[in-house]
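Colleague: Handing you this structure, nothing more for now.
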Amino acid sequence: MEYYLNVKILHMFCAYVSVTLFISRLLLDSLGKVGWRHSPARYLPHINDSVLLTLALTLLVIGPWQPLAHSWLGTKILLLMGYILAGSKAFKLALPVKRRLVWAVLALLQLAGILYLAINKPLLFS
Ligand code: HEM
């Protein structure tokens, strides 16, 4: 428990790096600069997201939170799954641009939901 605050700060840091990398890649695609797929921008987000999720699991192990008891957290995990799915589709060059745009909007909405739930921790079902 003594490391809890450090792990939380690192988790938050990786979360904001993840958001920045995700939005940057969407912006590059929207400008027609799809070449980031041949640069470190292809794998850096995966490394950061792996650290983010490892820290998230560490928070669950050493902290007081339980996804089934704390509805904001359970909902956040469900949104995360939707975000991963929508995010991966948004970057699929094989899909038509309009469809990728829809996936991108869905991913951003779910990302906003994840951040809202993380920051406000509302009581959703009681
Ligand atoms: C399996 C996935 C995840 C789990 C289990 C998880 C777990 C947690 C927990 C337990 C906290 C509460 C820490 C506390 O207030 O003491 C937290 C905070 C936070 N999480 Fe996550 N998280 C996950 C994924 C994410 C993702 C994908 C993001 C954003 C991209 C994110 C962003 C944040 C932020 C910004 C906070 C700090 C909120 C604040 O108190 O200001 N988390 N997370």
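Colleague: Give the residue that is nearest to Trp103 (Cα to Cα), with candidates limited to residues of segment 67-79 that are of a type in the set (A, V, I, L, M, F, W, C) and buried (at least 17 other Cβ atoms within 10 Å of the Cβ).
Modeller: Restricting to residues being of a type in the set (A, V, I, L, M, F, W, C) and buried (at least 17 other Cβ atoms within 10 Å of the Cβ), the top hit is Leu79.
Colleague: I'd like the residue in segment 117-126 that is of a type outside the set (Val, Ile, Thr) and within 10 Å of the ligand (Cβ to nearest atom) and, out of all such residues, is surrounded by the most Cβ atoms within 10 Å (Cβ to Cβ).
Modeller: From segment 117-126, those of a type outside the set (Val, Ile, Thr) are 117-118, 120-126; that's our starting set.
Subset that is within 10 Å of the ligand (Cβ to nearest atom): 117-118, 120-121.
Numbers: Leu117: 20, Ala118: 15, Asn120: 8, Lys121: 14.
Here the answer is Leu117.
Colleague: Of the residues that sit in segment 29-63 and are among the hydrophobic types (A, V, I, L, M, F, W, C) and open to solvent by 60 Å² or more (accessible area, probe 1.4 Å), which one is farthest from Lys76 (Cα to Cα)?
Modeller: Leu31
Colleague: Continuing with this model, one more query. Hey, any hits in segment 94-102 for a residue that's small (Gly, Ala, Ser) and open to solvent by less than 80 Å² (accessible area, probe 1.4 Å)?
Modeller: Among the residues of segment 94-102, not one is small (Gly, Ala, Ser) and open to solvent by less than 80 Å² (accessible area, probe 1.4 Å), which makes the answer no.
Colleague: Could you list, in sequence order, all residues of segment 61-86 that are in contact with a helix residue (DSSP H, G or I) (Cβ under 8 Å, 6 or more places away or on another chain), part of a helix (DSSP H, G or I) and within 12 Å of the ligand (Cβ to nearest atom)?
Modeller: Ile62, Trp72, Leu73, Thr75, Lys76, Leu79, Leu80, Gly82, Tyr83
Colleague: Give me the pairs, please: first residue somewhere in segment 32-57 and without any contact (Cβ under 8 Å) to a residue 24 or more places away in the chain, second residue anywhere and hydrophobic (A, V, I, L, M, F, W, C) and in a helix (DSSP H, G or I), beta-carbon distance under 8 Å, and either six or more positions apart or on two chains.
Modeller: Trp36/Leu28; Ala41/Leu21; Ala41/Leu28; Arg42/Trp36; Leu44/Leu21
Colleague: Can you confirm whether segment 87-110 contains a residue that is in contact (Cβ under 8 Å) with a residue 24 or more places away in the chain, near the ligand (Cβ under 9 Å from one of its atoms) and either in a helix (DSSP H, G or I) or in contact with a strand residue (DSSP E or B) (Cβ under 8 Å, 6 or more places away or on another chain) (or both)?
Modeller: no
The values are calculated or read from the model by the stated rules, or taken from the named source; none is laboratory data. All figures in this text were calculated on a predicted structure; none of them were measured in a lab. Neighbour counts run over all protein chains shown; Cβ positions are idealised from the backbone, glycine included. Surface accessibility is based on the protein's heavy atoms, side chains included, excluding ligands, DNA and RNA. Shrake-Rupley method; radii C 1.70, N 1.55, O 1.52, S 1.80 Å.
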